[in-house]
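Okay, so here's the structure we're looking at.
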């Protein structure tokens with residue numbers, strides 16, 4: 001089964017499009033299109049990737065054309081002779097420098113950079129049309145121009161508001177633009193970020209409608225009450241630790257650091273670059289609940305000579321379970337527990353949403369702590385302070401400290417009753 005059957009969000013669909021579908025377009029001698037600048041016909045995509053098209057329709061209510069717009073894929077017929085359509089060379093260079101930093105210094109794949117380029121192009125060309133100037137840099141170097149520049153950016157997004165469609169698309173465009181302005185600040189090319197508060201000002205700071213809902217506390221309690229030991233452990237990995245379904249299914253004992261040398265919080269460690277959106281740094285997930293359940297599970301499996309270390313083995317104890325199996329478990333578990341979420345059976349990704357909902361609730365506390373460090377260091381931007389001055393151990397500890405009380409309030413009591 002193609003990998004898109006395991007995808008959790010549109011970014012993963014976009015990555016599959018760039019790595020798999022674009023190559024198939026190049027290999028198809030019957031197609032006379034350039035996948036760098038054009039998209040295939042609906043008939044071709046449906047004929048060759050019907051499951052891809054169907055999942056977009058069923059799970060996100062998007063047609064292929066709407067999907068291209070959501071993730072910033074150039075649609076058929078777009079010309080790219082002039083990559084930015086601007087007549088201000090310093091602004092063009094600032095855009096190219098940002099994309100080059102993403103590739104070279106931050107290790108972002110082209111499947112990530114290409115949508116950023118497309119969104120930024122849409123923004124800067126719209127800005128130029130609305131404000132009758134291609135110079136997006138000069139106002140950033142004059143604090144007196146700040147109110148007018150914030151208004152110009154606002155006016156640009158008022159136009160984009162009519163063109164972008166869904167909330168998810170608008171949030172992605174704001175993120176791309178805001179991050180570019182942050183880059184300019186950090187490189188000394190700007191004194192402020194005129195896109196800083198766009199999400200709040202436009203009321204776009206809510207969750208996109210296509211987001212899968214989280215398991216409510218009562219839903220999780222009922223599911224755990226009828227689950228067997230394996231199903232409970234899967235629920236723990238998804239809702240208790242916030243792992244993605246594929247990460248939970250392929251979790252290996254070698255990834256577990258249950259007794260850190262620094263005496264900190266136990267965590268799961270991923271190899272650099274293996275997690276979605278991973279940067280060049282150690283990737284860790286805190287284990288705030290269920291450590292004893294892990295130890296008991298390892299002890300039970302260790303008695304089997306064929307066990308290779310996977311915490312959720314498949315039909316063979318030497319291999320991990322598949323995400324298809326995880327979905328089947330959730331469907332069966334939902335039927336036994338008589339639990340429906342948004343009119344359908346529970347899905348594994350809803351478990352991760354449960355954890356992520358808590359993380360979003362607690363994020364202000366995490367940012368407040370980072371802001372205090374930034375202020376003490378004289379930094380204008382807390383994210384710069386966090387990235388440049390806090391090592392991974394400190395960041396992990398800060399996240400764990402902020403999450404611990406909330407996880408204990410919301411989840412520990414539930415899990416500890418069944419594990």
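What are the residues in the stretch 16-40 that are assigned to a loop (DSSP other than H, G, I, E, B) and either in the same structural domain as residue 113 (by TED's automatic domain parsing) or modelled with pLDDT under 80 (or both), if any? Answer for the stretch 16-40, where residues must be assigned to a loop (DSSP other than H, G, I, E, B) and either in the same structural domain as residue 113 (by TED's automatic domain parsing) or modelled with pLDDT under 80 (or both): 28, 29, 30, 31, 32, 33, 34, 35, 36, 37, 38. Filter the stretch 288-307 down to the residues that are in contact (Cβ under 8 Å) with a residue 12 or more places away in the chain and in a loop (DSSP other than H, G, I, E, B), then identify the one that is surrounded by the fewest Cβ atoms within 10 Å (Cβ to Cβ). Only one residue fits best here, namely 306.
Listed here are the residues, each with its yes/no results for (1) closer than 27 Å to residue 68 by Cα; (2) in contact (Cβ under 8 Å) with a residue 12 or more places away in the chain; (3) not in a helix (DSSP H, G or I).
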{"position": "114", "(1), (2), (3)": "yes, yes, no"}
{"position": "127", "(1), (2), (3)": "yes, yes, no"}
{"position": "147", "(1), (2), (3)": "no, no, no"}
{"position": "155", "(1), (2), (3)": "yes, yes, no"}
{"position": "176", "(1), (2), (3)": "yes, yes, no"}
{"position": "184", "(1), (2), (3)": "no, yes, no"}
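Among the residues of the stretch 241-251, those identified as buried (at least 21 other Cβ atoms within 10 Å of the Cβ) and over 18 Å from the mean Cα position of the chain (by Cα) are 249, 251. Within the stretch 84-120, the set of residues being surrounded by 16 or more Cβ atoms within 10 Å (Cβ to Cβ), at pLDDT 90 or above and out of contact with any helix residue (DSSP H, G or I) (no Cβ under 8 Å at 6 or more places or on another chain) comprises 88, 92. When the stretch 123-148 is examined, which residues are found to be in contact with a helix residue (DSSP H, G or I) (Cβ under 8 Å, 6 or more places away or on another chain) and crowded, with 19+ Cβ neighbours inside 10 Å? Those that are in contact with a helix residue (DSSP H, G or I) (Cβ under 8 Å, 6 or more places away or on another chain) and crowded, with 19+ Cβ neighbours inside 10 Å: 123, 124, 127, 134, 136, 139, 140.
The values are calculated or read from the model by the stated rules, or taken from the named source; none is laboratory data. This one's a predicted model, so the numbers in the text were calculated from it and none came from an experiment. Every residue, glycine among them, receives a Cβ derived from its backbone with ideal geometry; neighbour counts consider all protein chains shown.
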